[in-house]
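Enquirer: Take this structure, written in structure tokens, and hold onto it; I'll ask about it next.
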Amino acid sequence: MSVLQAIVLGLVQGLTEFIPISSTAHLRIIPALLGWEDPGAAASAVIQLGTLLAVLIYFWRDILRIARAFFRGIGRGKPFEEHSARLGWFIIAGSVPIGIIGLVFKDFIEGGARSLWIIAGSLIGLAILLWIAERFAARSELRVIGDVTLRDAIVIGLGQCLALVPGSSRAGTTIMMGLFRRLTHEAAARFSFLLSIPAIGASGVFELFAEWDHLATLGWVPILVASIISFLSGWASIHFLLRYLRTHTTGVFIVYRIILGVVIIGLLAGGVLAPM
């Protein structure tokens, strides 16, 4: 991996990780269009650690408040007394499904699932589901982040498992399920960001050690550069999406996903791109 490739991949990762258009899809599509080799799922996961840092810094006040309430509740023998403490437990509960399913289907996720045919189908399929969620939310009385329940967390956590299929988008699946649970767009996005912390952190650290030799062949300097760029662009992406969803729906992202999916199918059918 050259430094130029690292900059491009880091920028793509950061800008698309928290917007419901799938960072994995773009990390497959853009290298393919530029004639670069697929950096692989392991490299993508490690570069994501830069976006994890962006979440930790952007939401440090929320994280600190949740952590304090979480451990204070345990110390007092009343772990669910405060809402912030309950939110900590909800994040843990919502993270369990993707951890289990991710380990069970690891080989397929890192192999055959990275086919551009699957990615194109996922882009379009999730766009349709997100459109249905938008229609459902438009007819519902919506709730804010302070109203999140354990059931919400589990349902959104199960939805996050769909993001294991490249092209689905972790942000897209969690925001979609949040809308189905009658959360506002901003509340769904905010909980999605908090829920991303265990998922991104665990996958990034796991791949870092499991694929150490493979990552070394790519070069540690380019990976570090990509991670730094993903942190900077990821922070900007979080800031943009939270502000955008206060007054807008995910409609523009739905249209973009469908267009991109159709374009990929056309390029694959025309032989311009190879599936793998």
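Enquirer: Rounded if a/c is under 1.5, else prolate if a/b is larger than b/c, else oblate: which is the range 193-276, with a ≥ b ≥ c the root eigenvalues of its Cα gyration tensor?
Expert: Details: a/c = 2.28, a/b = 1.14, b/c = 1.99.
Oblate, since a/c reaches 1.5 and b/c is not below a/b.
Enquirer: What nm distance separates the two modelled labels at residue 136 and residue 104, each placed 7 Å from Cα along Cα→Cβ?
Expert: Placing both labels 7 Å beyond Cα along the Cβ direction yields 2.2 nm.
Enquirer: How far apart, in nm, are the 7 Å Cα→Cβ label points at residue 33 and residue 252?
Expert: 1.8
Enquirer: Across 10 Å bins from 0, what is the distribution of all Cα-Cα pair distances for the chain, in whole percents?
Expert: 7, 30, 37, 20, 6, 1, 0
Enquirer: Share of Cα-Cα pairs in the range 115-199 beyond 20 Å, in percent? Each step should come with its number before you reach the end.
Expert: Values: 1019 of 3570 pairs.
Percentage above 20 Å: 29.
Enquirer: Given a Förster distance of 35 Å, report the FRET efficiency between residue 60 and residue 220 from their Cβ-Cβ distance, rounded to the nearest 0.05. Kindly include the intermediate steps, with their values, before the conclusion.
Expert: Values: r = 27 Å, r/R0 = 0.78.
Once the sixth-power term is evaluated, E becomes 0.80.
Enquirer: Could I ask something else about it? List the DSSP H helices in the chain whose Cα atoms stretch 30 Å or more along the helix axis and whose mean Kyte-Doolittle hydropathy is at least 0.5.
Expert: Values: long enough: 83-104 (33 Å, 1.43); 116-138 (33 Å, 1.82); 185-210 (36 Å, 1.04); 220-245 (36 Å, 1.48).
Qualifying helices, which must be both long enough and hydrophobic enough, are 83-104, 116-138, 185-210, 220-245.
Enquirer: Further question: Rolling a 1.4 angstrom probe over the protein heavy atoms, how many square angstrom per residue are accessible across the range 139-276?
Expert: Working: 6180 Å² over 138 residues.
So the range 139-276 comes to 45 Å² accessible per residue, rounded to a whole number.
Enquirer: Follow-up. Give me the net charge for the shell around residue 86: Cβ to Cβ below 15 angstrom, other residues only, Lys and Arg +1, Asp and Glu -1.
Expert: Values: positive: 65, 68, 72, 76, 78, 143, 151; negative: 62, 81, 82, 147, 152.
Net local charge, residue 86 excluded: +2.
Enquirer: Could you tell me the distance between the Cα centroids of the range 119-144 and the range 1-72, to the nearest Å?
Expert: The distance from the Cα centre of the range 119-144 to that of the range 1-72 comes to 23 Å.
Enquirer: Looking at 125, 185, 239, which one has the Cα that reaches farthest to the positive end of the dipole of the chain (charges on Cβ: Lys, Arg +1; Asp, Glu -1)?
Expert: 185
Enquirer: How much net charge surrounds residue 21 when only other residues with a Cβ under 12 Å from its Cβ are counted (Lys, Arg +1; Asp, Glu -1)?
Expert: Numbers: positive: 170, 257; negative: 17.
So the surrounding residues net to +1.
Enquirer: Let me ask another. Return the long-range amide H neighbours of residue 143 (sequence gap of 5 or more, or a different chain), with a cut-off of under 5 Å between placed amide H atoms.
Expert: 183, 184
The values are calculated or read from the model by the stated rules, or taken from the named source; none is laboratory data. A quick note: this is a predicted structure, and the numbers were derived from the prediction, not measured. Methodologically, a virtual Cβ is constructed for each residue, glycine included, from the backbone with ideal geometry; neighbour enumeration extends over all protein chains shown. Note: areas computed on protein heavy atoms with side chains; ligands, DNA, RNA excluded. Shrake-Rupley method; radii C 1.70, N 1.55, O 1.52, S 1.80 Å.
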